[in-house]
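To keep things clear, I will list the structure first and then write my remarks on it.
The values are calculated or read from the model by the stated rules, or taken from the named source; none is laboratory data. The shown structure was predicted, so the numbers you read here are calculated from the model rather than taken from an experiment. Here Cβ is always computed from backbone atoms with ideal geometry, including for glycine, and neighbour counts include all displayed protein chains.
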Amino acid sequence: MNDRPIGYWLKHLDTLLEHAMDDVLPVSRREWQVLNATANGADPRALDAFDAIDEATRRLTERGWLAGGQLTDAGRAAHTEIAERVGAFRRRSMAGVTPQEYQATVGVLRRMAANLTSPG
């Protein structure tokens, strides 16, 4: 199984992350991304590369956690509680991976993506 190509591992990991986050969070992965981006002052539209961002934003607004593109008091409280769960999830998923290994992996993936998005 170790001889599988990078595309397999990327898709497999993405699927595992999606399902595992669904199991530990009271919101979807996309809802968390919108909630966290908004809490950190980013415009959720910066996440447009991901599927279902509009739907996640709508659901968070319906919950009363977002209003006018900003977190409500309830949204800030939810973000704080969910951020603790996400931190624990990240520690679990990163067990045995050094910060240097993580940065190297991200760097390689970034360069591969750049290779495929630039003309040539």
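With (1) at pLDDT 90 or above; (2) within 19 Å of SER93 (Cβ to Cβ) as the list, and ASP22 as the residue in question, which single condition is left unmet? Of (1) at pLDDT 90 or above; (2) within 19 Å of SER93 (Cβ to Cβ), only one is false for ASP22: (1).
Of everything in the stretch 67-117 that is surrounded by 11 or more Cβ atoms within 10 Å (Cβ to Cβ) and of a type in the set (Ser, Thr, Tyr), the residue that is nearest to TYR8 (Cα to Cα) is THR105. Given the structure, is ALA37 buried (at least 16 other Cβ atoms within 10 Å of the Cβ), without any contact (Cβ under 8 Å) to a residue 24 or more places away in the chain and of a type outside the set (Ser, Thr, Tyr)? For ALA37, the condition - buried (at least 16 other Cβ atoms within 10 Å of the Cβ), without any contact (Cβ under 8 Å) to a residue 24 or more places away in the chain and of a type outside the set (Ser, Thr, Tyr) - is met. When VAL24 is tested against (1) on the phi < 0 side of the Ramachandran plot; (2) loosely packed, with under 12 Cβ neighbours inside 10 Å, only condition (2) is not met.
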